[in-house]
Every structure is written in C-alpha cells, then in structure tokens.
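The values are calculated or read from the model by the stated rules, or taken from the named source; none is laboratory data. As the structure is a prediction and not an experimental result, all values here were calculated from the model. Here the Cβ positions follow ideal geometry from the backbone for every residue, glycine too, while neighbour counts run over all protein chains shown. Accessible surface areas use protein heavy atoms only, side chains included; no ligands, DNA or RNA. Shrake-Rupley method; radii C 1.70, N 1.55, O 1.52, S 1.80 Å.
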Amino acid sequence: MKKNIIHSILFTIIFFILYIGFAYLFAPKNNIFKYDIFTLAGHEILSEKENSIDIIFLGDSLTYSGISPIDLWNEYGYTSFDYAYPAQKISISYEELKLALKVQKPKVVMLEANVLMRDSTKAPFGYTLLKWQDSFLPLQTYHNNWKKILFPTVKDSLRYSWINPTKGFKYVPKIQSGNPGGYMDEEPKAVIPNDNFDYLEKMYNLCKENDIEFILISTPNGKSWNFGKYLAARDASNKLGISYIELNLLNPLSINWNKETKDNANHLNYAGSLKVTRYIGNYLKTRDLVEDHRNDSDYDDWNKAYEIFEKEIKKYE
C-alpha cells in the first residue's frame, strides 16, 4: 500500500514536470520572458514588436468582424490590432487596454460603442473559461505547435511566435442577407449603466495620461444598435469631450444589407468590413493622427502578414 502511494506521488511529480516542459516548448516565444507563457495566450497583441502598434481597436465581435487591420496596413500603412472578444464588456476593455499599454504606445485607441450598453458587473462565462484554460492548461491551446516546430513555413513562423497575420480580425466571406428595417428610426434615448460610464471615463483619462487620442465608434449593425443607443453614446462622448464616429445614422457607408452582412444584418462580412476599414483609414489620414510605415524596413513583417492573408482569402474566391 505504501509503495503504491509513493509510486502515485512520483508519477504525479513526473507528469507535471513533463507537462510544464512541453508547455514551455510549444508555447509562443515572442516576449515569453517578459510576459510568461501563461499570460500570452489569448493576448496576441502582447507578442507584437514593442511600440509597433499605432492603433488599438477595443470591443466585441462587431470590432473583429468590422475592422480589418491588415487591410488598413496595406492601403494606408497604419499598424493596428483588433483587441476584441465576443460579448466584451467595457470593464474588460479597460483591463485589456491597461495590459496592452505595457507593450504598446499607440497613437489612437478606438472603442466600439456597443460595449457601453452591456452589463459590466460580471465577465461572460466563455471569457472566464478561456482565461482559466490559458492560465492552467497551456498545452490545450498550443498542443498542435509541434508541427510548426518540426516543419516550419513562413506562415507557421509567424504563428508559432504568435504573431497573428490578421491582427485580430476574423475573416468571414459568408453572405447571409438581412433587413434591419427601421433600426435607426427615432426613439427614446437608451440608458448607459453608471458603472459603464465610469469605465468609459477611466479609459478616456488613461488615454489622456498617455497622450493617446481616444475615439468612440459605432460600426454598422442592424440588430444590436438603434437610434436610442446612438443618442446615449453621443451624449456620453459629448460630456467627456470624446470624438465619436457614428456609422449607422443615415447609413454613411451605404452598407448593402443584402450582400455585406454574414448573419442577417448583425455582423458585417469581409466586403462590409472593407468599407469600415477604409472610412477609418481616411479619417485618420485627414486628422494626421498616425504615420504611414509602408516604406519602413522595420515593419517588413506586416508585408509578410498581408501576403499570408491575401493567399488565405483567395481560397474562398
């Protein structure tokens, strides 16, 4: 009996030694010593070259469906990242911004206004589960990296180092038409929870302290957004002196809800995201807020990332 207990203890010790060793071997290597393997997972922006991201987009699925950083790079030379999660709450947006500022010194931070309307008192279960997995089960996240280590390609060398070629964007070519109807017809102003306004003010002040232009944006959305929410976001931005880009009222981008949405006017597909991305590019160019890095050899990895992205989307043509 005593021998069995000793064997069990030895087995457990050996198992954890091997687990930790393989976790270290397969984990992404960029910034690994500064931001250990357990905090890197799920935070792809941390592995980008320090102080290389000029624009951070924060928000929920509307952000990573509606703004394509790699296309913003290709057409304007601006470096950006979609630091977004499904159903992101503004309390999480604030915490993620603080984390990102440990590695990056962006010129601009844009927050999707939809997070203002979501209860921020409790993190969504999916987000909590993802954090737990990344913290305690890194091999669950990275177990397939052995292929990239033994048989690396240019694409894999980017992924193994956890440099995301799409910079957080989720490419979806799918078309599923929808009719948003009168979603921007006049109606009473929505109410932003007090805690959410407080977090908005915290984000604004944090950006101000770091000399960052903080901008609120409403990307086109025919299901979750409406005129009452627009009024609330407008008033909140006016109260704090925040620039606000509203892309729903009067449909300024001429979004075709029959061809440029992937799920019945809720999220944009790739065609719709290009309209938003170009609008943002022109907006930033007009205000001269960021620098074009396309002729800077220090940003050659962005050209490689775009080449990978271009090859990927051609598979769907």
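Identify, from the list GLU112, GLU95, the residue that is closer than 19 Å to LEU216 by Cα, free of Cβ contacts under 8 Å to residues at least 40 places away in the same chain and not aromatic (Phe, Trp, Tyr).
GLU95
Of the conditions (1) open to solvent by less than 10 Å² (accessible area, probe 1.4 Å); (2) at pLDDT below 90; (3) among the β-branched types (Val, Ile, Thr), VAL115 fails just one. Which one is it?
The one condition VAL115 does not meet is (2).
Are there any pairs with C-beta distances below 7 angstrom linking a residue in region 203-215 that is of a type outside the set (A, V, I, L, M, F, W, C) to a residue that is open to solvent by less than 50 Å² (accessible area, probe 1.4 Å), with the two at least 6 apart or on different chains, and if so which?
Close Cβ pairs satisfying both conditions: TYR204/PHE214; TYR204/LEU240; TYR204/ILE242; ASN210/LEU101; GLU213/VAL108; GLU213/LEU289.
If we keep just the residues of region 272-286 that are touching a residue at least 60 places away in the same chain (Cβ under 8 Å) and open to solvent by 50 Å² or more (accessible area, probe 1.4 Å), which is nearest to ILE175 (Cα to Cα)? Show your work before the answer.
Going residue by residue through region 272-286, those that are touching a residue at least 60 places away in the same chain (Cβ under 8 Å) are 272-274, 276-278, 280-281, 284-285.
Of the ones still in play, those that are also open to solvent by 50 Å² or more (accessible area, probe 1.4 Å) are 278, 285.
Working: ARG278: 20, LYS285: 30 Å.
In this case the residue turns out to be ARG278.
Take the residues of region 53-73 that are in contact with a helix residue (DSSP H, G or I) (Cβ under 6 Å, 6 or more places away or on another chain) and under 15 Å from TYR270 (Cα atoms): which is surrounded by the fewest Cβ atoms within 10 Å (Cβ to Cβ)?
By that ranking, first place goes to ASP71.
Check region 287-308 and report whether any residue there is among the basic types (Lys, Arg) and at pLDDT below 95.
Within region 287-308, the first condition is being among the basic types (Lys, Arg), and the residues that meet it are 287, 294, 304.
Next, only the ones that are at pLDDT below 95 stay: 304.
Within region 287-308 (the criterion being among the basic types (Lys, Arg) and at pLDDT below 95), the answer is yes, since at least one residue qualifies.
Among ASP296, ASP292, which is the only one that is closer than 21 Å to LEU72 by Cα, open to solvent by 30 Å² or more (accessible area, probe 1.4 Å), among the acidic types (Asp, Glu) and touching a residue at least 40 places away in the same chain (Cβ under 8 Å)? Show your work before the answer.
Values: ASP296 fails: touching a residue at least 40 places away in the same chain (Cβ under 8 Å).
The unique qualifying residue is ASP292.
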